[in-house]
1. Return the residues of region 42-65 that are within 13 Å of PRO251 (Cα to Cα) and surrounded by fewer than 20 Cβ atoms within 10 Å (Cβ to Cβ); say none if nothing qualifies.
2. Regarding ILE109, is this residue surrounded by 14 or more Cβ atoms within 10 Å (Cβ to Cβ) and part of a strand (DSSP E or B)?
3. What do you reckon, is PRO339 modelled with pLDDT of 95 or more and out of contact with any Gly (no Cβ under 7 Å at 6 or more places or on another chain)?
4. Is it true that ILE376 is crowded, with 19+ Cβ neighbours inside 10 Å and closer than 30 Å to LEU68 by Cα?
5. Can you pull out the residues in region 279-299 that are of a type in the set (S, T, N, Q), farther than 14 Å from ILE264 by Cα and under 22 Å from the mean Cα position of the chain (by Cα)?
6. Taking the condition of a type in the set (D, E, K, R), out of contact with any Leu (no Cβ under 8 Å at 6 or more places or on another chain) and part of a loop (DSSP other than H, G, I, E, B), does LYS205 pass?
7. How many residues does region 227-255 contain that are aromatic (Phe, Trp, Tyr) and either assigned to a loop (DSSP other than H, G, I, E, B) or in the same structural domain as THR342 (by TED's automatic domain parsing) (or both)?
8. Condition test on ASP139, is it outside any helix (DSSP H, G or I), modelled with pLDDT of 95 or more and either closer than 21 Å to ASN236 by Cβ or over 18 Å from the mean Cα position of the chain (by Cα) (or both)?
Amino acid sequence: MGVGAVLPNMDGLAKDFDAVTHLTSQELVSNEDFWANIRKGYLINTDYINLENGYYCMMPQENLEIYLENVKSVNFLASRYMRTVQFENRNLARKQLADLAGCAFDEVIITRNTTESLDLVISGQDWSAGDEAIYAEQDYGSMMDMFRLMEERHGIISKIVSLPNHPKNDQEIIDLYASQITDKTKLLMISHVVNITGQVLPVKKICDMAHQRGIEVMVDGAHAFAHLNFKIPDLNCDYYGTSLHKWLNVPLGAGLLYVQKDKIRNLWPLFAEAELPRDDIDRLNHMGTTPVHVELSIPGAIDYYQMIGEDRKEARLKYLKEYWTSKLKDHPNIILNTPFETERSSAIANVGIKNMNSQDMAQVLFDTYDIWVVAIDRPGVHGCRITPNVYTSIHELDRFVEVLKEMAG
């Protein structure tokens, strides 16, 4: 298996950043020499071009080394670590996460992933037969599965909308959800970034509308956290869940759940915790023994993200997406299932080829052209999800565009 070079340490990268402090995010966005230095910090498999960073964004070598040292340290100290500083260190990581998200410490817990975070909220509702939940058929399957379980267990009713791939404006999306609200509606779930298309929804506007109708809103932020630059409270949502192994580059096995302080007491925990006050979010967080070496790696990942800069990272990811989509959007045989507007998308986009199913498209891209993507075949969305990361080069995107044009004829 071919691999790329292992590169600079954090001190070396810090010097690179010091050299560009005078540049704005937009001035830096197309500085390929700068981003090439970022790329050097990743151990890249050169057997193929990886354009599927949405499932799991691999760690740069700096973060990977921190993680491996944490594994060794926990293994060396063994039960002494677990019985002494385990929770102290976990809370330090939790405090940094809360600060990054703009939340209070007592509104945030560390989970294992987005599914766990949001399923805690769905299963923790005090459901009654006939209560209604609203979500989109383009939402993530695991949460839809949990709503179906609530239908079987509690007799709730799921009302499912279908998101347009190219909405005319924010109001079209808001009205879509608003049209399904009745006096029986209890919970509305929306995606911050739709996982199959990369469409960014107007979250705050939807939350404001729902709150005016007395409805709570849960946000799936799996693909937004450390990808877009925002603070959770600014969204005005009641619940927010995300995975840290995606855009924050934490090792696999860590997520975040935000619950607005006054909503905590209304949720039932999945597993019973020791007796705690109803408004203590820790009572929702009992999981038994956790992967503490993963949690120990969260602060280093936050440091790396903040060194790149929230604005710089978002701007570069938007630039990469717009770079390749702009070269394909007018091709008669290519279908883009993601909005073109800058404010409606970021790194992730979905592209299809007329008269070719998504599975065949992904297979040909990998088997013939050594390009790794994921096929998507969901209601209204048939194509491949393309997700570059900060290490992705313009040369790789040029190659992808060339190949897609060849495949499309």
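1. Once the filter is applied, which keeps residues that are within 13 Å of PRO251 (Cα to Cα) and surrounded by fewer than 20 Cβ atoms within 10 Å (Cβ to Cβ), region 42-65 yields TYR55, TYR56, MET58, GLN61, LEU64, GLU65.
2. yes
3. Yes; evaluated as a whole, the condition is true for this residue.
4. no
5. THR290, SER297
6. So LYS205 does not fit the description; no.
7. 2
8. yes
The values are calculated or read from the model by the stated rules, or taken from the named source; none is laboratory data. Here the structure is a predicted model, which means the values were calculated and not measured. We place every Cβ from the backbone using ideal geometry, glycine too, and count neighbours over all the protein chains shown.
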